[in-house]
Amino acid sequence: MESETRNCQNCKNQFTIEPDDFEFCKKVNVPTPTFCPDCRLQRRLSFRNERILYKRACDLCKKEVISVYHPGGENTVYCQQCWYSDGWDPLEHGKEYDFSKPFFEQFQELSKAVARPSLINSNSVNSEYTHLAADSKDCYLLFESSNNERCNHSYWMQQSKDCLDCAFVNNSELCYETFVAWNCYKVFFSKECRDCTDGYFLQDCVGLTNCYGCVGLRQKQYHIFNKPYSKEEYFKVLEEKKQQIKDGKVAELVQEFKDFVAGQINKYASIQKSVNSTGNYLLNTKNCISCFHGYEAENCKYGYHVWRNSKDNMDVCTVGRDAEMVYEATNCGVGAYNIKFSNQSWGGNSDLTYCDACQGSSNLFGCVSLRSKNYCILNKQYTKEEYEALVPKIIEHMKSTGEYGEFFPTKLSLFSYNETSAQDHFPLSKEQALAQGFLWKDQEEKNVTIGGDILACAHEGKCTDHCTIGFKVIKAELDFYEKMQLPIPKLCPNCRHYARLAQRNPLKLWHRQCMCDKSHPQHAGKCPNEFETSYAPDRKEIIYCEQCYQAEVV
Ligand SMILES: [Zn+2]
Ligand SMILES: [Zn+2]
Ligand SMILES: [Zn+2]
Ligand SMILES: [Zn+2]
Ligand SMILES: [Zn+2]
C-alpha cells in the first residue's frame, strides 16, 4: 500500500497517511483519519483537564468536594463515594438509538445527564488531591500518575516514592525538580537521566553517582561540570554548592548550569535502548513512531504517554499498563483491549467504542459512566444478539453522517479549552479558541491575602493565568526541604509546574541532518545522517545523530 497525502479537515494543512496507518486502521476496522496528527492530538487533549481543581457540591449527597468540573457547569458530577455507590443507576438515562439524529447529538445529551466522578483517583489512600491517578498513597497534587507513595506537586509519575516537584519520573526516590528520569535516587534539578544517584544539575546522564553539573556522561562518579575530581575535592565543592542552594541562590546555579549546557552537544532525541522508534523521551520501546514520553511500549504510533506494556496503539494519550489495540483514545489504560474513540475509561475494559468514564466493561457503544456492564448502547441494556445486530447499523448510520472514525468533536468536551492540556501544547488566545469552536473560561478574580502561612509567588512580570499569587507550603514539603537541605521555593506550585514543562521540547518532529563536521570514523566532512528531531531547525543547539553523539560523550 502506498502513502496518501490529504488535507486536514480541521486546519486544512497537508498531511500524509502512511502505509502503516492504513494497516492499523484496517486492523481495528475504522476509516482512515481526516484530521492531521496534530489536530487529532489537540482534539483529544481538549477533553482532558489535568490539574485545574475546583471546590463544588456533589450533585447527589450535596457535600463539598474537590473536582475538575467547575461549579455551575452543565454536566452532573458526583463525589467518588457516590459515583462508586449503588445509590444511583447510570442505566436510568439509557436511550434508544434514534436514526433520525446525528450520533454525537444523542451522545452529548447523555453525556450531560449521566454523572461523572468528581476526580479520577482510583484505589488511592490519603490522596484526595490527585487526579488521573491510580494506586497513590499519601500523595498531594499529583496528576497523571500511578503507583506512587508520598509524591507531591508532581506530574506523570510512575512507581516512585518521596519525590517533590518532579515530572515524568519513574521508579525513582527522593528526587526534586527533576524532569524525565528513570531509576534515580536523590537527584535534584536534573533532566533526562537514568540510573543516577546523588546528583545535582545533570542532563542526559546514565549511571552517575555523586556528580554535579554534568551533561551526557555515562557511568562516572565525582565529576563536576564534566571534569573528574577526587572524592575529597568533590565533596568540598559540593558542600559549597549545597550551601548556596540552602541560601536560596538556586536561580544563579540554574543559570550557571544553563550556560554550561549551551556549549554542549545534544543528541537528536532523548531515546534510549529503543529499536526503530521516533519521537522523544523514550526508553525501551520497539517500533514506536512519533511517540512522546514512552517506555516499555511496542508498535505504537502518535502516542503521547505510552508505557508499561502499551502495545499496538495509535493516536492515544495516556494509554498504558497493558493497553492493547487502542485507537483515538485518552486515558484508557490498565488492561484495556480494543478501545476506540473513548475517553477516561480505565481498568479492565474491552471492546468499547465512543465511551466515556466506563470501567470493567466490555462491548459498550456510546456509553457514559458504566461499571461492569456488557452489551449497552447509549446506556441502554441489550442482549448480546441485539447488540451485535444493532451496532453495525449505527456504524453505517454514522458513516452516512460523517461521524464514524472521528473522535468526539471538541464541542462535546465538558471543559473549556484553557482548562485542558490542549492549551499547554497548542496555546490559543481567547479569541482564537472561540473562533475555532472551543469553549473558554474567564479567570475568576483571585482575592489572595498574603501573610501568615500564605506566601507570595515571586513570579516576575505580569502573573500568568495559572499563577495562584499566594501559596501554602504543606507539612510534607517542609519536611522534605529540611531533610534535603533545600530552601522553600519562591514560586507557587503552578508557576513551578509550568517552568518545568517549559524545559520540554514540543511534541513535534522535524526532519534534519546531523550537525557534526568533526572527523569521525563513520563520515568524512559533514555527517550525512538524518533523523526526526523535536529540535526545530531554527534552534541554536548543536544537534548530533546517535553515532556522532556516542563518539563524543564520555
Ligand atoms: Zn490539522
Ligand atoms: Zn456525593
Ligand atoms: Zn505563581
Ligand atoms: Zn552524525
Ligand atoms: Zn560525526
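Structural remarks
- Options Glu109, Glu4; residue that is in contact (Cβ under 8 Å) with a residue 12 or more places away in the chain and within 16 Å of ligand 1 (Cβ to nearest atom): Glu4
- Among residues of the stretch 381-410, those that are touching a residue at least 60 places away in the same chain (Cβ under 8 Å) and farther than 22 Å from Gly94 by Cβ, counted: 6
- For the stretch 358-367, the condition holds for at least one residue, the condition being that it is crowded, with 24+ Cβ neighbours inside 10 Å and under 23 Å from Asn147 (Cα atoms).
Each row is one residue, and each column tells you yes or no for (1) farther than 21 Å from Ser369 by Cα; (2) surrounded by 22 or more Cβ atoms within 10 Å (Cβ to Cβ).
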{"site": "Thr32", "(1), (2)": "yes, no"}
{"site": "Asp38", "(1), (2)": "yes, no"}
{"site": "Lys55", "(1), (2)": "yes, no"}
{"site": "Lys63", "(1), (2)": "no, no"}
{"site": "Val68", "(1), (2)": "no, yes"}
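- Of the listed requirements (1) open to solvent by less than 60 Å² (accessible area, probe 1.4 Å); (2) in contact with an Asp or Glu (Cβ under 8 Å, 6 or more places away or on another chain); (3) within 16 Å of ligand 2 (Cβ to nearest atom), Trp88 misses just one: (2).
- Any hit, the stretch 526-533, residues being away from ligand 5 (no atom under 16 Å from the Cβ) and either of a type outside the set (Val, Ile, Thr) or open to solvent by less than 40 Å² (accessible area, probe 1.4 Å) (or both): yes
- Of residues in the stretch 295-314 being within 21 Å of Gln159 (Cβ to Cβ) and of a type in the set (Asp, Glu), the one nearest to the chain's Cα centre (by Cα): Glu296
- Single residue of the stretch 24-77 satisfying the filter (touching a residue at least 40 places away in the same chain (Cβ under 8 Å), part of a loop (DSSP other than H, G, I, E, B) and of a type in the set (Lys, Arg)) that is farthest from ligand 3 (Cβ to nearest atom): Arg48
- Subset of the stretch 1-23 that is assigned to a strand (DSSP E or B) and either touching a Lys or Arg at 6+ places or on another chain (Cβ under 6 Å) or not aliphatic (A, V, I, L, M) (or both) - its residue that is farthest from ligand 4 (Cβ to nearest atom): Asn7
- Listed by first and then second residue, the pairs with beta-carbon distance under 6 Å, at least 6 apart or on different chains, first residue in the stretch 198-220 and among the small types (Gly, Ala, Ser), second surrounded by fewer than 24 Cβ atoms within 10 Å (Cβ to Cβ) and in a loop (DSSP other than H, G, I, E, B), are Gly207/Asp195; Gly207/Gln219; Gly213/Phe225; Gly216/Val553.
- Options Lys393, Lys340, Lys411; residue that is among the charged types (D, E, K, R) and closer than 24 Å to Asn121 by Cα: Lys340
- Listed by first and then second residue, the pairs with beta-carbon distance under 8 Å, at least 6 apart or on different chains, first residue in the stretch 266-277 and over 19 Å from Ala181 (Cβ atoms) and touching a residue at least 24 places away in the same chain (Cβ under 8 Å), second in a loop (DSSP other than H, G, I, E, B) and open to solvent by less than 20 Å² (accessible area, probe 1.4 Å), are Tyr268/Cys514; Tyr268/Cys545.
- Applying the set (1) open to solvent by less than 40 Å² (accessible area, probe 1.4 Å); (2) within 16 Å of ligand 5 (Cβ to nearest atom) to Ile542 leaves exactly one unmet item: (1).
- Pairing residues of the stretch 316-344 that are closer than 10 Å to Val306 by Cβ with residues that are among the aromatic types (Phe, Trp, Tyr) and open to solvent by 10 Å² or more (accessible area, probe 1.4 Å), at Cβ distances under 6 Å and at least 6 apart in sequence or on separate chains, gives Gly320/Trp307.
- Residue in the stretch 487-514 that is nearest to ligand 5 (Cβ to nearest atom), counting only those that are open to solvent by 70 Å² or more (accessible area, probe 1.4 Å) and of a type in the set (A, V, I, L, M): Ala502
- Test for Cys291: is it buried (at least 18 other Cβ atoms within 10 Å of the Cβ) and in contact with a His (Cβ under 6 Å, 6 or more places away or on another chain): no
- Restricting attention to the stretch 336-346, the residues being open to solvent by 10 Å² or more (accessible area, probe 1.4 Å) and assigned to a loop (DSSP other than H, G, I, E, B) number 2.
- Qualifying residue in the stretch 415-423 (condition: surrounded by fewer than 17 Cβ atoms within 10 Å (Cβ to Cβ) and either part of a helix (DSSP H, G or I) or out of contact with any strand residue (DSSP E or B) (no Cβ under 6 Å at 6 or more places or on another chain) (or both)): no
- Of the residues making up the stretch 109-123, at least one is modelled with pLDDT under 95 and of a type in the set (Ser, Thr, Tyr).
- Any chance Asp356 is within 20 Å of Phe143 (Cβ to Cβ) and of a type in the set (D, E, K, R): yes
The values are calculated or read from the model by the stated rules, or taken from the named source; none is laboratory data. Owing to the predicted nature of the structure, the values given are computational and were not obtained by experimental measurement. Heads up, the Cβs are rebuilt from the backbone with ideal geometry, glycines too, and the neighbour counts pull from every protein chain shown. Please note that ligands, DNA and RNA were not included when accessible areas were found on the heavy atoms of the full protein model with its side chains. Shrake-Rupley method; radii C 1.70, N 1.55, O 1.52, S 1.80 Å.
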